[in-house]
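*Asks:* Pasting in a structure now, in structure tokens, and then I'll have a few things to ask.
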Amino acid sequence: MPIRAIRAIRAGEPQPAAGQEGPAAPAPGPATAPRASARAAAGTAALAAIGPATWGTTYVTTTELLPPDRPLLAAALRALPAGLILLALTRRLPSGDWWWKAGVLGLLNFGAFFPLLFFGAYHLPGGVASTVSAIMPLLVAGFGIGVLKVRPSRRTLLAGLVGVAGVALLVLRGSATVDLAGLVAMLTATTLMALAVVLSKRWGRPEGVSLLALTGWQLTAGGLVLAPVALTAEGLPDHFTGANAAGYAYLGIIGTALAYALWFRGIERLPASSVSFLGLTNPVVATLAGLLLLGQTLTVWQLGGLVLVIGSVVLGQSRRRFRAR
């Protein structure tokens, strides 16, 4: 786990109001403030991108390490243990409105999203699944109009279209077959996650609560929904192999607890549209994982798609000044 990432998450602990940090260097002048703000935003975006980058390994982990045809079990074992660990570490429960807010976000981010995601991973080629998920920036822009009262700029819409085109070139194959149920599942999952980004941006984080605690609330809420359904509908496999245990541990600790804490930190500090474009690193990493671990190769079209995706992520970053909480 990167030291910088750990420090960044711990930096998500309750922060003093501006001007109450204690002794500090003189305030930057007009010329240095924009540069410092841009560097801070770039650093936050880079750390937030670790989340979708690790999610890009979900497909290869699911197909290579997890038991087959158990999407609900995979979702439950990814969410609930990680959530309980974070609750034990932070020792903080929701209060007031945050009981239902944490429940809603937990359902959108995990309780409903995870099983749909795994169902899509089991029933669609990785390229099709990634291309569907690439529409999330456009969905966030649409939800932002109604929830955040923010109209997307032409730059954002253009970047969203470029991103979809780039992902399609990067991961789609002419021989790819589309399972209708899997396609509907991925569309629904992507829509739920886009709504969760916008609601997280609107609701923020309760005063005095760390990012790890907020992440733990949501993971636990989602996991408690998933666990009984998974056990009833699918049950446990006859036996777990070492590979199965390694896959679940990786997805739970790295791909969920760490990844989502950094992702939520990005949502908190960056415009919602900017964060949504960081999700396009997911198919890039998924493609690279296939290249390195599954012996796949890249074509000229895929390299062109990679360039378009990177360009979309850069173009999608807001020009508005960075605001730390």
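Read the figures in this text as sums done on the coordinates, not as results from a lab. Bear in mind the structure is a predicted one, so any value in this text is a computation, not a measurement. No Cβ is skipped: glycine too gets one built from the backbone with ideal geometry, and neighbour counts run over all protein chains shown.
*Asks:* Leu199: net charge of surrounding residues, Cβ under 15 Å, Lys/Arg +1, Asp/Glu -1, itself excluded?
*Replies:* Surrounding charge for Leu199 is +3.
*Asks:* Right, next: Taking the Cα centre as origin and putting +1 on Lys and Arg beta-carbons and -1 on Asp and Glu beta-carbons, what dipole magnitude results for the stretch 52-171, to the nearest 20 debye?
*Replies:* Dipole magnitude for the stretch 52-171 comes out near 500 debye.
*Asks:* For every other residue with a beta carbon closer than 14 angstrom to the beta carbon of Thr241, add +1 if it is Lys or Arg and -1 if Asp or Glu, then tell me the sum. All intermediate terms of the calculation are to be shown ahead of the outcome.
*Replies:* Details: positive: Arg70; negative: Glu64, Asp238.
For residues surrounding Thr241, the net value is -1.
*Asks:* Give me the dipole magnitude in Debye, nearest 20, for the stretch 57-117 about the Cα centre, with unit charges on the beta carbon: positive for Lys and Arg, negative for Asp and Glu. Don't skip to the end; give the middle numbers.
*Replies:* Numbers: 5 positive and 3 negative charges, 50 e Å.
That gives the stretch 57-117 a dipole magnitude of about 240 debye.
*Asks:* If you don't mind, another one. Output wanted: per-residue J couplings in Hz (rounded whole) for the stretch 96-105, from phi through Karplus 6.51 cos²θ - 1.76 cosθ + 1.60, θ = phi - 60°, x for Gly and Pro.
*Replies:* For the stretch 96-105, the Karplus curve yields x, 4, 6, 5, 7, 5, 5, x, 5, 5 Hz.
*Asks:* Considering the Cα trace of the stretch 149-272, what is its radius of gyration and what is Dmax, both in angstroms?
*Replies:* Considering the stretch 149-272 through its Cα atoms, Rg and Dmax are 18.3, 53 Å.
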